[in-house]
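To keep things clear, I will list the structure first and then write my remarks on it.
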Amino acid sequence: MIPEIGHFALILALCVALVQGILPIYGAAIDNAALMSVAKPAARLQFLLVLTAFGCLAYAFAAMDFSVLYVAATSNSQLPLHYRLAAIWGAHEGSLLLWTLILTIWMFAVTLFSAHLPEATRSRILGVMGLVSVGFLLFMLTVSNPFERLIPAAPDGRDLNPLLQDPGMVIHPPMLYMGYVGFSVAFAFAIAALLGGNLDAAWARWSRPWTTVAWCFLTVGIAMGSGWAYYELGWGGWWFWDPVENASFMPWLAGTALVHSLAVTDKRGGFKVWTVLLAIMAFSLSLLGTFLVRSGVLTSVHAFATDPKRGLFILAFLAIVIGGSLALYAWRAPRVGLGGSFAMVSREGMLLANNVLLVAAMGSVLLGTLYPLFLDALDLGKISVGPPYFDSVFVPLMVPALFLMGIGPLAQWKKASVPDLAQRLKWAFGVSVVSAITLPIVMGNWTPMLSLGLLLAIWIVTTALVTLRERLMHITGSSVMERLASVPRSYWGMLVAHCGIAVFIVGVTMVKGFETEKDVRMNVGETTTIGNYTFRFDGAHDVKGPNYTAARGTFSVSRDGREITVLYPEKRRYPVQNQIMTEAAIDTGLLRDLYVSLGEPLDDGAWSVRLYHKPFIDWIWGGCFIMAVGGVLAISDRRYRPAWRRETQEAPAAVETARRKYA
Amino acid sequence: MIWLALMMLLSGPAWAEEARPLGDDPVVEARLKTLAVELRCLVCQNQTLADSNAPLAEDLRREVRAMIVKNMSDQEIIEFLVSRYGDFVLYRPPLKLTTTVLWVGPFVLLAVGAIALVVALKRRGQKVADAAITEEEHRRVEQLLSEGVKRS
């Protein structure tokens, strides 16, 4: 009965979505207030209906209702409750329901935080989001129904893929989808502005915080996925250029470009046409990502669904959304005004150069991801495009972008002079070059890539310091604290996010340059040393988990004779799918990770064991979280707070003028 | 006696035997590693030969190791693998007619983007006199933002 209620809620949601997608947009076109006022309640109702459906599915999982096909396919009576709930998005149908739920959450958020928007704009935004939702609901109801019954019911379920039975998998997909789907808001703003012909600075100001929030979620989501791969796959890698990873990385690159391009449009009114195109691109890539992962067109670590009917539906949906919005773009965009003039060497110019680099990088990831599919489809042979390709293409495109990142924030709007910039940055440049060359020598391993990585990281940090110092000099205020406080939060956000990139680069560079790895055969009592740490194997014994059996090894780790920690890597066997999983044991530290994973049992109690010493690896994810913190700081800036709230908390006058001058 | 026990406790690990590496020759293992990260495990979904635990990957690694021991060059080993399994086994696709676009594409994209940017900026510079957002416009935006609040 409960699944039927869920199914019925989805049907109702589709009806509401249709109303929400048609009436308000039409109302905005003919300036009919009654029709426009439908948008807000419809969006909220749709949210409640999809939430109901989601709750029903969650209930079916919690109650182990194996008469629901999807529940039977992705869970098992032995599976613990939290993983049964995470199994909601463990496969195709439920992921789409999660996608739709998150879309309606964003819609609901728009209804809450759009009081300052003109009625017509808000109606169009919600209308566009409603139309996107129609597509997804229709998809679920026609070819991918999570509530489909299995009669007679299965005695037990086929279980969740053991790879996904992990705390990281509980939180990673919702975060990622919050990011993916969050770009639908920027997309809806862009389409609404194109429809209404009011693509102005206000539009950019409104969409900026939404875009930044989505970008933050996506950043954290990708970082979590990468962390999950690191400890769950048991190979010690953190990024595999897997098509599914690429599918989430492409919207991130486009979204990053969008965040920067919106800055130009907001501050200087320029390049609206390009910004709109990026907004369309970011969301289209999110849809494409969903399509790639969910249609089974790829066969990769993460893609679990295979069904051509679904692939065709998503392809058609993609064609309609992308084609439709591009057609609208071609029709309406040329009418948009140009905005302020600026020289090629200026902050605008550099932000746009960064956009070109980011989009080119995104294009190469897209090319590398789709190329093997095209060759295969055209029967021109099967090839593999993997990490060596992406590394050799991606790095040369990113290096100039990272170099520009240091200069951009220092360049004046409109027109900057190269000699002047060189003068202001000579110290930062000198410090970066000298330390990039000497540091690896001091650390005992000089390679060009190591130096390059450190150069970029130090360059980003030193230029950020120069930027901050110059900014503080321009601000009138007595104490340093007061001056620091008067720097707007969005500015802090920018600096913090950029430093996050630097932290990330340090992590990547140091791991690549200094990680050590050992494959050994260890008998009980034997030791091996890696990166000054001595591991002693104290044997393995069998343990029983809730839905698996495992051999658990014990490794005592010591340094200079003192025991530091004990690690327990496992080799698990999940009987339902008869799958073997390697659970690595990791001792995490600020400056290094120690990573042990069990290979195969050998004769007389010995095991093949893989050990890693990975310096600075946690900086990779730390950097991503710092980037996201930067984003959060940026949106907490008072310029995004609604006007009425701003009036109640006026800042001191001196600070206010300073802010006006330099904002 | 107590001293002896303490010493045993403290220096326990030092007395333990050193574990043997899985491969016999570390030089061979290092070469195998550099080769294996560029090769695909043919039966896995998307894993390098170095990462995979699949039995077939283990076999292939053994074969590559044997070839290294036979003193074949990297080039010869890769040629042998491609002749047996096709380009699919290589994670770095070889540059040939069908993969030209793949290898050249990104840089063409960058060049086109850069040229487009310069051209667009030049053309734009001619069209726009200084029509930057004026104080007036800024006020209008602020007004619009606050008006919305009153209206709703």
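FYI, it's all coordinate maths here, none of it is from the lab. None of the values given here were measured: they were computed from a predicted structure. Positions of Cβ are backbone-derived with ideal geometry, glycine not excepted, and every protein chain shown enters the neighbour counts.
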With a 10 Å radius around each residue's Cβ, average the other Cβ atoms per peptide and rank A:257-263, A:220-226, highest first. A:257-263, A:220-226
Using a 10 Å cut-off on Cβ to Cβ distances, tally the other chain neighbours for every residue of B:28-37 and report the average as a whole number. 1
Given axes a ≥ b ≥ c from the Cα gyration tensor, I'd like to know whether segment A:80-147 is rounded (a/c under 1.5), prolate (a/b larger than b/c) or oblate. oblate
Whether chain A is rounded, prolate or oblate, judged on the alpha carbon gyration tensor where a/c under 1.5 counts as rounded: oblate
Multiplying the sequence separation of A:Ala63 and A:Glu4 by 0.36 nm and subtracting their Cα-Cα distance, what value in nm do you get? 19.8 nm
Give me the tail of P(r) for segment A:373-475 as a percent: Cα-Cα pairs with distance above 17 Å. 64 percent
From the phi angles alone, apply the Karplus equation (6.51, -1.76, 1.60; θ = phi - 60°) to segment A:491-502 and give each ³J(HN,Hα) in whole Hz, x where the residue is Gly or Pro. 5, 4, x, 4, 4, 5, 4, 5, 5, x, 4, 4
Which ordering of A:Val395, B:Val89 is given by a fewest-first count of other beta-carbon atoms within 10 Å? A:Val395, B:Val89
Ranked on Cβ counts within 10 Å of their own Cβ, fewest leading, A:Cys216, A:Cys499 go A:Cys499, A:Cys216
Bin width 5 Å, origin at 0, all Cα-Cα pairs of segment A:1-70: what percent of pairs per bin? 4, 18, 21, 16, 12, 10, 8, 6, 4, 2, 0
Under unit Cβ charges (Lys, Arg +1; Asp, Glu -1), what dipole magnitude, rounded to 20 debye, does segment A:417-514 have relative to its Cα centre? 40 debye
What's the Kirkwood radius of segment A:417-514 in Å, using all Cα pairs? 14.8 Å
Zero-based 10 Å bins, Cα pair distances in segment B:22-89, whole percents: 22, 59, 19, 0
Could you tell me whether segment A:1-165 comes out rounded, prolate or oblate from its Cα gyration tensor? Rule is a ≥ b ≥ c as square roots of the eigenvalues, rounded for a/c under 1.5, then prolate if a/b exceeds b/c, otherwise oblate. prolate
Using a 10 Å cut-off on Cβ to Cβ distances, tally the other chain neighbours for every residue of A:377-390 and report the average as a whole number. 6
Taking 0.36 nm per intervening residue step and subtracting the Cα-Cα distance, what contour gain separates B:Arg124 from B:Thr100 on full extension? 5.2 nm
Sorted by Cβ neighbour density within 10 Å, fewest at the top, the residues A:Leu312, A:Leu450, A:Leu51: A:Leu312, A:Leu51, A:Leu450
Express the relative contact order of chain A as a whole percentage, based on alpha carbon pairs under 8 Å and six or more residues apart in sequence. 11 percent
Please report the spacing between the Cα centers of segment A:220-290 and segment A:502-528 in Å, no decimals. 29 Å
